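Report on the structure given below.
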Amino acid sequence: MNQENIIKGPAGLGLLALSAIVLLASFGYAITSLSSQGHAAFNATSTVPWGQPIATYLYFALASSGLGLIASLPLVFGFRKFYPVVKRCIFLAFIILISGMAVLALELGNVFRMLWVIPLNLQIQSAMFWMGVFYLVDLVFLLWKFQKMDAGEWDSKTSKQVGIGSFLAVLLASGNLALIFGMMSMRPFWFDGLLPIYFYLTAVASGLAALVFFTYLAHGFSRDNMSAPLRNLLEGALPKFFGAVLGGTLLFIAVRAITGMYSNNPEIHLVWSEYLFASPVYQASLWLGILLPFVLMLMSSLRTLAGTQVLVAILVFGGLFAERFFFVVGGQVIPLFKGTWEWDILSYTPSATEWSLTVMGSAMLFTLWVLGERLLNLSAMPPETVMRGNADEAAATAHS
Amino acid sequence: MAKWGMVIDLDKCTGCQACTTACAMENNTLPGESWQDVLFYHQGKYPSAQMKWLPRPCMQCENPSCVHVCPTRATYKDMDAGGIVFVDWNKCIGCKYCMIACPYGVRFYADEKPLLEPDLRDIFPGSNGQLWSPPYQNPEQDWKRGIGIQPAGVVSKCTFCYHKVSKAPAGTPDLDEDIPELKEYVPACVRTCAPKARFFGDLDNPESQVNRLIGDKHGVRLKDHTGNKPQVYYLGAGAGVPAFEPKPRS
Ligand code: SF4
Ligand code: SF4
């Protein structure tokens, strides 16, 4: 077995230094402009109160949930083929969520106050209260599950129970996150009881993109550096699964777009016709960031290639980030009750400070990830998976 | 306890914005932070084009969606204060979910790009934790009810001038500026309205003039389909909100 994690070597140190510098620079920039100008450094306003930092948080939180859901394939549903990525999945889910929360913290008006006012006032009517509860539970379960795996406990009764608990926490957290938007009947573009399903699908798509990208990066973009079971997964089940999830995502977008465009309600159809489809960025992200990856994953000759998979992961990163952005802003572009003061669709472009938060979240993710790859063994898997993988490979070699 | 309500007669309103100005003076709000505003709408095309307008305070909804979504109970409906919806500035974390959830767009996060330059916050920098401190400000302050000048990072909104209304003798059916002993208790927008298009009174009192006006003159609540059930009623022709239409593309 010729396993090599290049992040453990000098390349990892270089990446660590680079991402730490970007992290410090973007954090420094954000903090300086926030402390000198307050939230006037944002382009979000009282008419479009939720801007790119919220979209970034949403993207990160859902990518984390997606990774959590992927991890439950082997842990809850017995898809043993996914064991080779499960530990990396859980670690990534944890650090992506932390990075997203860091971005959210800088978006809020009074972040530290949250620590006491939310527990002391227990406003159970608010979906945002539940978001705090469920994502906290999710974080605890992710840590617990990771700790079990780190101790080599893959199949014990408690590790199974923790796995199930974690799966439920992820479903609740991301489903409830969807309802923060989906329950807003005064914002008809969002109002949709099936939004949790759409969030689950897109969460898994963005989780897969992160998983594929970071797994390849850890192994220097070469399958030769990977273990046999991991290679089997990347050549077999994973790209097919990725394709299916992207297909589901496209279907969901299509159904939402068709009902939206068909509707007479200007607060829905104008968002589609005058904002989303009128934007070249949205068009590009839809066709190049979701449809093209789907097509690539459908082609059996292409989908198993390392280069295609990395390309698809990167395209999906961009495609789904834009999807989140346009979703969040799209719910707000029709002005509510403003008369001729706002007599056109509202426009919003993120400011440099808002971008710096997105960069900060991503740099934080990279920094934590490199540290994780260097200090922990994220490629660990149950011994029988290793044995079976090697045996399969030996059989395949003998066959050819 | 009273249930405070407002009635706005659109047949009398001239759209002069005196109420908006009075509110800004009374509550020391920043430009653009219009707790009270007059909205102008145009509807239809020549030869039947119409211009309409309606004054718009916070509706102090009976079923306020802003309260339902607030994760901290910073936004709350105080039944002991006539059913007014307040923001507790000591609790608000500035998540802005309430601004998303209010169908009437009447909540403000003044910690944003200034509407007008120069920025008043730079000219009169804030002291005592306030976002800004003008040379004169209303001495009335109650941060638990969002009265005064807010600190940074919280949401502000119309309070139905609770600092005035709360001092009215208990059981008063209507706060009418024409009754000399009551005029100090009348909300600033109502008191200043020259054509007397605004009325303020107790919706729970069968004797109140606001109830009579709503009953006799077919008072309506705007955007009633949202189910928020405003405590603000509109009378007269034109009490409706045209559907949103984007600017015609040339
Ligand atoms: S008008 Fe908006 S801010 Fe006022 S009570 Fe109703 S929902 Fe809340
Ligand atoms: S911004 Fe403040 S008042 Fe509004 S929902 Fe958040 S915590 Fe509540």
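List of remarks:
- Electrostatic dipole magnitude of the range B:4-235 [Cβ: Lys, Arg +1; Asp, Glu -1; Cα centre; debye, to 20]: 640 debye
- Cα-centre dipole for the range A:6-382 with unit charges at Cβ (Lys and Arg positive, Asp and Glu negative), debye to 20: 980 debye
- Unsatisfied cross-links (Cα-Cα over 32 Å) in the set B:45/B:96; B:52/B:96; B:3/B:247; A:338/B:144: B:45/B:96; B:3/B:247
- The equivalent ellipsoid that matches the C-alpha gyration tensor of chain A spans semi-axes of 36, 24, 21 angstrom, in descending order.
- Our coupling estimate for the range B:109-120, obtained by passing each phi through the Karplus curve with A = 6.51, B = -1.76, C = 1.60 and θ = phi - 60°, is 10, 6, 7, 9, 4, x, 6, 10, 9, x, 6, 4 Hz, Gly and Pro reported as x.
- Solvent-accessible area per residue in chain B equals 42 Å², computed with a 1.4 angstrom probe and all protein chains kept.
- Accessible area (Å², per residue) of chain A, counting only protein heavy atoms and a probe of 1.4 Å: 39 Å²
- Phi-based couplings in Hz for the range A:45-55 (Karplus 6.51, -1.76, 1.60; Gly and Pro marked x): 9, 5, 8, 10, x, 10, x, 4, x, 5, 5
- Two-site FRET efficiency, residue B:179 against residue A:301, from Cβ-Cβ distance with R₀ of 60 Å, rounded to 0.05: 0.10
- Of all beta bridges that DSSP places with both ends in the range B:4-235, some 85 percent have antiparallel geometry.
- Derived scalar couplings ³J(HN,Hα) [the range A:297-305; Karplus, 6.51 cos²θ - 1.76 cosθ + 1.60; whole Hz; x for Gly, Pro]: 6, 7, 7, 5, 6, 8, 5, 8, 6
- Placing unit charges on each Cβ (+1 for Lys and Arg, -1 for Asp and Glu) gives chain A a dipole about its Cα centre, and among A:61, A:9, A:314 the Cα reaching farthest toward its positive end belongs to A:9.
- Just checking the listed ones, A:244, A:93, A:322: in the Gaussian network model of chain A with Cα springs under 10 Å, the one fluctuating most is A:244.
- Number of partner chain Cβ atoms within 10 Å, mean per residue of A:35-48: 5
- Rel. contact order, % - alpha carbon contacts under 8 angstrom, at least six apart, chain B: 28 percent
- For the range A:324-361, a drop of 40 Å² or more in accessible area on going from the chain alone to the assembled protein chains (1.4 Å probe) is found at A:336, A:337, A:338, A:339, A:340, A:341, A:343, A:344.
- Close amide H partners of residue B:233, meaning residues 5 or more places away or on another chain with modelled amide H under 5 Å apart, are B:6, B:7, B:8.
- Element breakdown for the protein assembly as shown at a 1.4 angstrom probe: carbon and sulfur atoms account for 65% of the accessible area.
- Crossing angle, helix A:237-262 versus chain A [Cα axis fit, 0-90 degrees, rounded to tens]: 20 degrees
- Highest mobility in the GNM of chain A, judged by mean-square fluctuation with C-alpha springs under 10 Å and restricted to A:318, A:28, A:248, is found for A:28.
- Amide H within-cut-off set for residue B:3, under 5 Å, with H built and near neighbours excluded: B:203, B:204, B:205
- Look at the dipole of the range B:110-239 built from charges on Cβ: of B:186, B:219, B:152, the Cα furthest out on the positive end belongs to B:219.
- Centroid-to-centroid separation of the range A:245-302 and the range B:164-198 [C-alpha atoms, Å]: 55 Å
- Mean separation of Cα contacts under 8 Å (6+ apart) over length of chain A, as relative contact order %: 32 percent
- When only the Cβ of Lys, Arg, Asp and Glu is charged (+1, +1, -1, -1), the dipole of the range B:137-210 relative to its Cα centre reaches about 420 debye.
- Taking every protein chain into account, the 1.4 Å probe leaves residue A:197 with about 80 Å² of accessible area, to the nearest ten.
- Span from the the range A:134-182 Cα centroid across to the the range A:84-104 one, whole angstrom: 12 Å
- Hull shadow area, averaged, the range B:4-235 [alpha-carbon convex hull, nm²]: 13.8 nm²
- Chains B and A together bury roughly 4300 Å² of accessible area, counting both sides, with a 1.4 Å probe on protein heavy atoms only.
- Less than 5 angstrom separates the built amide H of residue B:150 from those of B:131, all sequence-distant by 5 or more or on a different chain.
The values are calculated or read from the model by the stated rules, or taken from the named source; none is laboratory data. Every value quoted in this text rests on a predicted model; they were computed, and no experiment measured them. Positions of Cβ are backbone-derived with ideal geometry, glycine not excepted, and every protein chain shown enters the neighbour counts. In case anyone asks, the SASA skips ligands and DNA or RNA and just uses the protein heavy atoms, side chains included. Shrake-Rupley method; radii C 1.70, N 1.55, O 1.52, S 1.80 Å.
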